[in-house]
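Read through the structure below, which is laid out as structure tokens, and then see the notes.
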Amino acid sequence: MNSEQLEKYTSAITLSDMEIFVFPELMYSLVLANIMSPIIWQWRELECFKKLEGKSSYRKLMRLKQFIIDEYEFNLDLETWGLTSKAKELGRFGGVISPEDIARSNALFGYEGDKYYFDVDIRRHFGLDKYDSDIIPYWKTETVEAMNAFKQKQGYTKWAGECISLSVLYAAAAFIVCGIPLEDIYMILTPLHSQNFIDIQDGVLTNNRRLVTKTMWFNGTAISNKAQRALRNEKVIIVAHSSGYVHYLYDDATIDKSAYEYFAGQLGSYLSTELTLQIFAGFLRSNRDCQRYFQVCRQCHGHTQFLKAEVLFHYEHSSNFRIADKTFEKLLAEVSDEDFVRYQLPGRIRCDELEEFIEKEKIDLRNSEGREVLEKFIEPVIPDAEQLVAKLSEFVHIEAKLPASDKNYLPNGAIDIPVESSREQVIDYLQQARSGNPSADLAFYAYRDMESCDWQPFVKAAVERNPVSIRMTESMSLEEVYAWLEKIENISIYDGRRLAQPDEVANYKRADGLEKAFLLANVIRQRSAGQDIEIAVDRGEVTVKGAGQYRFVSTKGINKHLGISGDGTIRILG
């Protein structure tokens, strides 16, 4: 491997947000690694999914949402995987991408978003504000094994992951558990978030642990408003798909052009809606200051009664029923009679008359003519009708800031795995695809398959990018580090001949003897930079030589002999 290839393949092991930003093919490699993992395939045998056999993919997806909400936490501890420096990371990628482009696009290097994010102080919200020097968190994403191992980490009671980990988990589980074809799943990465668009029914967006349907997108609730933040306020950096990727900075794209154009159209349709009374209710739910201009009426014993809109929204807040949908009459029935009056409230528009007007005029707020028609209707009552209509227009129509479509398309060949495939067939297919598809090849590195991968990227990552294990052992002597490792439960978080990195060992306090050996090698290298280190595994006995000799026991079934020279050169000796 040349230096750039080595960085890319090492990045497939560590999978930091920065690495995915620079090497976008890594995003899909992690999806494929999770699809190869036995963990998600085991979910299909759970009773909650077994009883949905024969049901629609959409029904299964809704059940998957609840499963992920129940079983996973959203982890926003930025220091889970330790700290690095801007200078170090920029030095790694200087030949691939400029520091200026990184600073304009990556949250850890100064990106703050547009005016909306300045207003809500987004860097403080995410805890990024304290990283105002060269030191930044090593913000990594996780395999499903590492996500599930969080349950072993102090302070956690569930499995966990950050937003990219959760979006990747959703993509893999949507394929395995719900039977949704990979070509119907599009991954969307912005500087501060990661989501998937699933092309099913009117479209579904994943948002951390939750799912957002098109109806939910426009309902105006606090949860939906938060789900909208990324696509409303950030540019999309990467779109990843089974056919490839497109990156807003790179001229070359590997995604199938027609697939990308189709996705842009489907996402655009999802993000826009026609104006109805139900949509207007969603707007008022989201913009409480506008509720004071509207009133609701009902018929009671032959008399018309009126109710302030903000009072009804207050009732709705604690009710299972909603304004302007099929449960509307049930919501009205919950309102105290004392809140209704027998006269039309002055200075307020009747919602029944508004609905009649909307249905008659067929208003399209995307053009000036439609906006002017609505302004004329409401301006006798609402002082700044133009401003309200402008806010309403923004509510019903969002244009995602996608990477430009005028790219140089260089497709590598789509990943084409039938949903009927078994796990074994998936792995066999990806093995065959490795030679022609970079994401398929990188997937085995993300999967940590040490039986079929070059060891050099794994070893390089182990002794260069695992700061947690260094920090956790800094007060210990080497003998104390060894004794501490000996006490750690001798169980790997990865099955078979797959290996954890040192920081996974340090965070989760469980490891095979070979994984412990790499953690010890990382500590030795950090303390004695010029020290040669050797790791040898022979029939289950692991020996680490360098500033002493240490032994561990491995059940991985791996026989290997490798060396790490004082200058950092990695040698595979056998």
Of these, Ile488, Ile470, Ile533, which one is within 36 Å of the chain's Cα centre (by Cα), under 20 Å from Pro457 (Cβ atoms) and crowded, with 16+ Cβ neighbours inside 10 Å?
Ile470
Expected single match for surrounded by fewer than 19 Cβ atoms within 10 Å (Cβ to Cβ), of a type in the set (Ser, Thr, Tyr) and more than 20 Å from Val537 (Cα to Cα) among Ser439, Ser422 is Ser422
Among the residues that make up region 175-182, is at least one of them under 18 Å from Gly268 (Cα atoms), surrounded by 20 or more Cβ atoms within 10 Å (Cβ to Cβ) and touching a strand residue (DSSP E or B) at 6+ places or on another chain (Cβ under 7 Å)?
no
Identify all residues within region 347-386 that are in contact with an Asp or Glu (Cβ under 7 Å, 6 or more places away or on another chain) and surrounded by fewer than 16 Cβ atoms within 10 Å (Cβ to Cβ); write none if there are none.
Glu386
Could you run through region 387-416 and say how many residues are part of a loop (DSSP other than H, G, I, E, B) and either surrounded by 12 or more Cβ atoms within 10 Å (Cβ to Cβ) or in contact (Cβ under 8 Å) with a residue 24 or more places away in the chain (or both)?
15
Return the residues of region 491-519 that are farther than 15 Å from Ala462 by Cα and basic (Lys, Arg); say none if nothing qualifies.
Arg497, Lys509, Arg510
Could you list all residues from region 230-245 that are in contact with a strand residue (DSSP E or B) (Cβ under 7 Å, 6 or more places away or on another chain), over 14 Å from Gly413 (Cα atoms) and crowded, with 19+ Cβ neighbours inside 10 Å?
Ala230, Glu234, Val236, Ile237, Ile238, Val239
Filtering helices (runs of 4 or more DSSP H) wholly in region 28-80 for at least 2 residues that are assigned by TED's automatic domain parsing to the domain that holds Ala240, more than 18 Å from Leu205 (Cα to Cα) and in contact with a helix residue (DSSP H, G or I) (Cβ under 7 Å, 6 or more places away or on another chain) gives 38-43, 47-50
Only one of these conditions is not met by Phe313: (1) surrounded by fewer than 14 Cβ atoms within 10 Å (Cβ to Cβ); (2) free of Cβ contacts under 8 Å to residues at least 60 places away in the same chain; (3) not charged (D, E, K, R). Which number is it?
(1)
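The values are calculated or read from the model by the stated rules, or taken from the named source; none is laboratory data. Keep in mind it's a predicted model, so treat the numbers as computed, not measured. Glycine gets a Cβ as well: all are built from the backbone with ideal geometry, and neighbour counts include every protein chain shown.
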